[in-house]
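Undergrad: Below you'll find the structure I mean.
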Amino acid sequence: MAVWESVEGRWVTGNRPLGKGRSAGVEHDRSATAAPGEFMAWSARVSELCHLVETLAPTAAALGAPDPAAAPWHGPLFGKLRPQVSRSPLLVVAVCGGTNTGKSLIANTLVGAEISRSLPEAARTRHPVASLPRGLAGRIELAELFPGFTPVAWADEDDALAATDEDRLVWREEPTGSQPERLVLLDTPDIDGTLRDNWQRAELVRNAADVVVAVLTQQKYNDAVVRDFFTAAAGAGKAVLVVFNMVAWPQQRERIAGWLATFTAETGVRPMAVYAAPHDFAAAEAGRIAFHPLPELTPDGSTLGPAERLAGCDFDRIKLDAMTGALGVVLDARTGLGTWLDAYEQAAGRWRQARQLLAQEGRVRVDLPTAPREIVWNEIWKWLEPRRSGFDLAVSRVYRVAGRGVTWAARRVGLARSESERREDFSVVELAALKQALADFVERLDDACRRDPLLAGVLGPRLESADRAAWYADLERRHAALPLVSEDYRGFVRGELDRFARDNPQLVGWILTGLNVGAVARPAITVGLGLAGAAAVPAAAATAGGLTTLVHHVGDVVVGTAATLAGEGALGLTAAGLKPVIETLFAGWSAERGRILAETLHDVVLGDRLAEIDRLAAAAARPEVARARRLLVESARGAGRA
């Protein structure tokens with residue numbers, strides 16, 4: 001029977017050095033070697049999936065979706081897959097087991113040096129210890145290879161025993177250069193000890209490992225915590241070497257098959273090799289341990305020792321197998337990344353419903369007073385004036401003088417108010433209408449918050465604690481600062497009329513001809529135009545030139561007037577096709593008046609809260625979500641799951 005040992009820090013079979021990453025006399029199955037392109041494809045998908053999850057995670061937290069870090073797929077994706085995809089694959093071997101199973105002694109024996117202190121007291125090893133190939137620490141970021149750990153350079157055997165809350169990973173490089181250049185070997189804390197921090201550290205190591213050396217004893221092969229740990233390793237597709245330690249050899253050899261059968265049935269582990277290590281107190285005291293291969297329990301029937309098997313294995317194939325297992329956890333239909341995306345989209349759906357409610361309840365009609373018609377029509381005449389004939393303009397001046405005389409006489413006898421008085425009257429009524437609209441709007445927001453807890457969480461604190469008097473003061477300030485005709489509005493009128501002239505050159509020519517030919521009959525046309533207001537139209541009809549009444553994403557502030565097109569001249573122009581553009585110009589003027597309400601609501605009442613609601617409601621439509629789902633499909637197809 002062959003007995004396998006690690007002697008003087010060299011990876012050997014008996015007394016023969018194996019060299020770096022090759023086994024003496026071992027034939028490798030080239031057909032099983034992973035294709036470089038296959039690994040590169042995996043790497044690209046894994047890297048992008050990690051980036052997408054990290055990008056979506058802050059939004060998921062705001063949505064109230066589950067924390068991805070708490071999901072069962074997160075550890076395999078970020079702790080196992082991600083660290084390996086940015087570099088030539090390393091094979092990470094972790095020696096794991098329960099208390100007092102001899103893990104540290106086995107790890108020291110495999111490395112050929114005492115990297116961890118082997119002590120009889122239980123639960124003394126607190127931090128994993130990594131043996132690295134010579135020069136590896138200078139080529140990679142160990143913190144990326146072992147997420148969750150703070151790498152600390154090895155000083156002595158007591159480093160792994162340090163009592164600290166920090167999750168450390170103690171590392172040292174194998175000094176002789178005999179350790180295969182892509183093999184990293186770790187000793188781990190107990191997986192079932194009294195220190196729960198040890199459990200967490202052992203799980204972090206398990207996530208990072210490709211191969212797990214399961215150290216079992218007659219007493220520790222079927223404990224519940226031990227079973228759970230290795231069940232998770234099997235579920236993640238880890239390659240497993242089983243070592244039954246402290247065996248009465250050879251007397252208990254036949255009993256090992258029964259222990260193994262129970263262990264594999266309970267955990268789902270399919271060991272790549274099985275070994276027995278005898279209970280030899282003197283050898284253990286000397287830091288030595290012998291491994292007896294059990295070919296009858298090993299799938300390939302080989303008698304290779306653990307060091308030779310690890311040194312000569314197909315690194316890429318084991319790495320891809322481990323990645324396939326870890327990816328299987330990520331792809332799991334019940335608990336994988338897809339279910340987190342489902343929860344993310346469901347949470348976004350609840351925000352969409354909240355936004356719909358807000359759109360319904362957050363609409364307010366602003367009943368503005370009748371627009372001072374001469375304001376809008378003056379702008380229209382200013383646009384027309386350069387295009388009119390001299391005769392038409394002369395007649396207009398005559399009627400304008402006559403009109404002023406009639407108006408003066410009407411004011412004297414109390415039949416008409418002056419222009420400044422009319423504008424002052426309008427301003428008072430307009431401000432009152434805007435204040436009433438603000439009150440209505442806030443009342444409807446209060447009701448929406450009572451009906452939807454998501455809205456209450458975002459808008460409720462603001463509505464409950466704010467100084468509402470300050471809102472009305474802000475509206476008054478904005479109203480006082482807004483001229484009756486702004487430069488924005490003048491530009492809007494010119495733009496609309498220029499566009500209309502380009503689209504309807506014959507109609508504009510007909511109007512100008514009619515104004516010239518019918519100059520003598522001007523009183524009817526002039527009166528008609530002067531009395532024309534605008535029919536109530538949706539405010540969305542006047543969005544050009546920066547004039548809009550959309551209150552962010554809540555809804556429209558619908559503005560309009562009670563006036564209608566009237567008079568002989570107005571009817572004639574309507575028949576000629578002017579009605580839509582005239583209505584748009586009046587609606588644009590009213591829209592600008594209503595805009596100050598929208599600004600108060602957005603800037604003072606609600607701030608950026610509406611933008612946040614809209615962002616969360618649209619979260620499911622983010623391209624990262626669709627891309628993550630496509631990558632999952634591609635990964636499943638590549639892993640043979642589709």
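The values are calculated or read from the model by the stated rules, or taken from the named source; none is laboratory data. The model shown is predicted, which means the values in this text are computed figures rather than measured ones. Quick reminder, even Gly has a Cβ in these numbers, built from the backbone with ideal geometry, and neighbours come from all protein chains shown. Note: accessible area is taken over every heavy atom of the protein model, side chains too, but ligands, DNA and RNA are not part of it. Shrake-Rupley method; radii C 1.70, N 1.55, O 1.52, S 1.80 Å.
Undergrad: So how exposed is residue 367, as accessible area in Å² (1.4 Å probe, rounded to 10)?
TA: Number for this one is 100 Å².
Undergrad: For residue 91, list long-range residues whose amide hydrogen, built 1.01 Å from N in the peptide plane, is under 5 Å from its own amide hydrogen.
TA: Correct list: 183, 184.
Undergrad: Pairs of Cα atoms under 8 Å, at least six residues apart: use those to get the relative contact order of the stretch 207-252, whole percent.
TA: 57
Undergrad: Give the carbon-plus-sulfur fraction of the accessible surface of the stretch 136-276 in %, rounded to a whole number; probe 1.4 Å, heavy atoms of protein chains only.
TA: Numbers: 2590 of 5590 Å².
Carbon-and-sulfur percentage of accessible area, whole number: 46.
Undergrad: Would you check the accessible area of residue 142, probe 1.4 Å, heavy atoms only, in square angstrom rounded to 10?
TA: 10
Undergrad: Can you pull the accessible area of residue 629 for me, 1.4 Å probe, Å² to the nearest 10?
TA: 70
Undergrad: Explain nothing, just the number: dipole magnitude of the stretch 128-244 about its Cα centre with +1 on each Lys and Arg Cβ and -1 on each Asp and Glu Cβ, in debye rounded to the nearest 20.
TA: Computed charge dipole of the stretch 128-244: roughly 460 debye.
Undergrad: Assuming R0 = 35 Å, can you tell me the calculated FRET efficiency for the pair residue 490 and residue 618, based on Cβ-Cβ distance, to the nearest 0.05?
TA: The computed FRET efficiency comes out at 0.45.
Undergrad: Using amide H atoms built 1.01 Å from N in the peptide plane, name the residues 5+ places from residue 173, or on other chains, whose amide H lies under 5 Å from its own.
TA: The answer is 132.
Undergrad: List the residues whose amide H sits under 5 Å from the amide H of residue 239, counting only those 5 or more places along or on another chain, with H placed 1.01 Å from N in the peptide plane.
TA: Residues meeting the criterion, in which the H sits 1.01 Å from N, are 212.
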